[in-house]
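What follows draws every value from the coordinates through simple rules; no lab data is involved. Please read these numbers as outputs of a predicted model, since none were measured by experiment. With ideal geometry, Cβ positions are generated from the backbone for all residues, glycine too; neighbour counts draw on all protein chains shown.
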Amino acid sequence: MISNRFCLTVDHQVNFGVHTQMKEQLKWLIGTGQLKPGDPLPAASHLADLLGLNRNTVNGVYSQLKVEGLVSMQKGKGTQVLGGAATERLRRKAVPMKRLLDGVIKGARAEKMDLQELFMAGLGYSLLQSGLPTVPARILLVESKDHDLYFYQEEIERVTGLEVCTIFLEDLLEGTRTIKEARPNDIWVTSLNQANRAKAILAPLDKKVHVVEVTVDTSIVLELATLQRDSHISFVSHGQTGGEWMLQRIRDDGITHLCPVIIGIDEHDNLEKALRRSTKIYTSNAVYTELKQLAPDKVQLFKLRLERSSENLLRELAASDLNYRYGTGFAP
């Protein structure tokens, strides 16, 4: 049975059918975590009596929630909230919506506004904002093909929660990918070492490019600092550019006492020599798994982390997109 704090209501004066009213209230309770996976919904007959509705109406709502992947309906077990992907997607939408709506409702009550009137006015206003995007922005990561884009993809997705799509600079220059593929609210991001090229390509099209920076994880710097002088080490990536970037990072951190070699993953002869001679082999994310199998005792992932300022920037961009889609801010 639904407890008082989960009690649903229907209003026959509202210009929405009771079916829609019930379904949206239940989705709200599920999306905000007030109804959790495994929680039972009341029997259709009981809820129908409680709300003064036909039992078929309640069954219809439950069936719709089942189609949407939010509940299960089984004989002997009744209707229960599911905890799958559909519920998780609903929660990702509902939680930020609740934060926004809590503020709106608090303000409306302070102004002694009728909430249903405000809701209808909000519906009208949102329809007037139909030109605004209704789907989340994507992060369009502009990178070079020989750079370690996997780290950037994973970290940007972790921080923002947005979909990350990679667009290679080489493809933009060759015309195999175009700016026209982007949506109006997509967010363009690139790494510091590609910033000048990316900005030069996108500037004529009035596309703002946000630059993120990374730094070497402290554990890698400490490990390198403790290696004996003149130890042979190798930096391996897709191409020479990635290895050169790794070498420059450790030199920036004052590591100059070692004998480094830069190797591309396709340089088979040089790679074989490195596997034999190197004390340590540091690799990018893109080639780590492949090389780890060849020399598990020597191969080490060249760990990176986003600069704190870049993490803050990405969080601000994600928040700006949310505000933009709900008409409370500007495009990031």
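The table below gives the values:
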| read-out | value |
| --- | --- |
| Size of electric dipole in the chain: Cβ of Lys, Arg +1 and of Asp, Glu -1, about Cα centre, debye, nearest 20 | 1140 debye |
| Relative contact order %, the chain, counting alpha carbon pairs below 8 Å whose residues are six or more apart | 13 percent |
| Subset of LYS23/LYS75; LYS273/LYS303; LYS23/LYS98; LYS27/LYS98; LYS27/LYS106; LYS145/LYS273 violating a 19 Å alpha-carbon distance limit | LYS23/LYS75; LYS273/LYS303; LYS27/LYS106; LYS145/LYS273 |
| For region 275-284, Karplus couplings with θ = phi - 60° (6.51, -1.76, 1.60), whole Hz, Gly/Pro x | 4, 7, 8, 6, 6, 9, 10, 9, 10, 7 |
| Cα gyration tensor shape of region 4-95, rounded if a/c is under 1.5, else prolate or oblate by comparing a/b with b/c | oblate |
| Between 0 and 90°, nearest 10: helix 115-128 axis offset from the chain longest Cα axis | 50 degrees |
| DSSP-defined beta bridges in the chain - what % are antiparallel, rounded to 5 | 25 percent |
| Computed [θ] at 222 nm, deg cm²/dmol, the chain (DSSP H ≥ 4; -39,500 (n - 2.57); rounded to nearest 500) | -15000 deg cm²/dmol |
| For LEU41, distant residues with modelled amide H under 5 Å away | THR79, GLN80, VAL81 |
| Of VAL58, ALA94, ALA108, farthest towards positive along the dipole that unit charges on Lys, Arg, Asp, Glu beta carbons give the chain | VAL58 |
| Residues whose placed amide H lies under 5 Å from that of ARG138, excluding near-sequence neighbours | ASP186, ILE187 |
| Which label in (i) 1.37; (ii) 1.09; (iii) 1.67 gives the computed Cα Rg over 2.2 N^0.38 Å | (i) |
| Sequence-separation-based contact order of region 4-95, relative, with Cα cut under 8 Å and 6+ spacing, percent | 32 percent |
| Nonlocal amide H pairs with VAL261, under 5 Å, H built at 1.01 Å | ILE233, SER234, PHE235 |
